[in-house]
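Here the structure comes first, spelled out in structure tokens, and everything after it is commentary.
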Amino acid sequence: MVSKSFYRTLLALAFSLSLFSIHAFAIPLIGDDLASFSILSGGYISYGAETSVNGSIGAISYITPGNLGPSSSLYLNTPSVTSGLAELLDAKSALNNMVAGALLSTTLSGNNTFTPGVYSASDLTTAAGSLLTLDGNGEVNPYWVFNIVTYLSLGEATQIHIINAGSNSGVFWNTGGYASLGANSSFLGTLLSSGYISEGAGASIPCGSAYSLSYVSVGAGATVGSGICESIGSWAGSITSLSGSLDIINGVAFSSIFSAVPEADTSAMLLMGVSFMGLIARRRKTLKLN
């Protein structure tokens, strides 16, 4: 009779092999070239007066001059721009291939709290003065994904806050159409838009990035701040500009904890496979003798 410990050993080995296999095919959801930009556009980027952008800015067509701040670097139709846009397409596809998750009402108003997970909507609009709180429940690398079929429209002075979350948090707003951030609104997370992105006057993205396959318009006095995001209250801050916690595995976005095991080289994989087969052979021989 085959013992329970034998089956447990086989399951443990099979699970280890599957983890190594997953890790071998996992890549970050936000690729290196895409992550290097605070704003990236498949068309052009325009700015109003007194705008401020912290980080790199890239576009295919043109970038209008403006007061963008000393930490801005401009890239026009460079290899990193085209590669970043390709990574944007891959990221959007991987997010769309996730499970649908909770269905949201098309209009949000007042105070709303979201725990980590995947949310979907045909379109999403917030009333002026709304507050969206992302509560990580103390998780180390929580993620929030908002898959929106058409457009995202934040009303004037809408605020997005994050609490109880670790430094590898990920917040992703994935739209199939345009994204509009109302005047004096405060937005958090990585915005991936198939249509244009419009940031109203005085609006801010204190921690996050704006990526569009079309064009990006930044209003007067608006700000975009990427890089390392400072902690606020119960939030640990972000080392990834809220673009962490997810990897792409076989075209689908998964939590990075599934690929957090050390990468195995070929010899290690071979040794594990041989050991696995040897264990089975020895067990069969024992059963025959009995």
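The values are calculated or read from the model by the stated rules, or taken from the named source; none is laboratory data. In this text the structure is predicted, and so the values were computed from the model without any measurement. Glycine also receives a Cβ, built like all others from the backbone with ideal geometry; neighbour counts cover every protein chain displayed.
Within the range 200-236, the set of residues being of a type outside the set (Ser, Thr, Tyr), closer than 22 Å to residue 139 by Cα, assigned to a loop (DSSP other than H, G, I, E, B) and touching a Gly at 6+ places or on another chain (Cβ under 9 Å) comprises 227, 228, 230, 236. Look at residue 252 and say whether it is of a type in the set (A, V, I, L, M, F, W, C) and surrounded by fewer than 19 Cβ atoms within 10 Å (Cβ to Cβ). Considered against the rule, which asks whether it is of a type in the set (A, V, I, L, M, F, W, C) and surrounded by fewer than 19 Cβ atoms within 10 Å (Cβ to Cβ), residue 252 comes out as yes. Only one entry in 101, 42 is under 18 Å from residue 175 (Cβ atoms), modelled with pLDDT under 95 and not polar (S, T, N, Q), namely 101.
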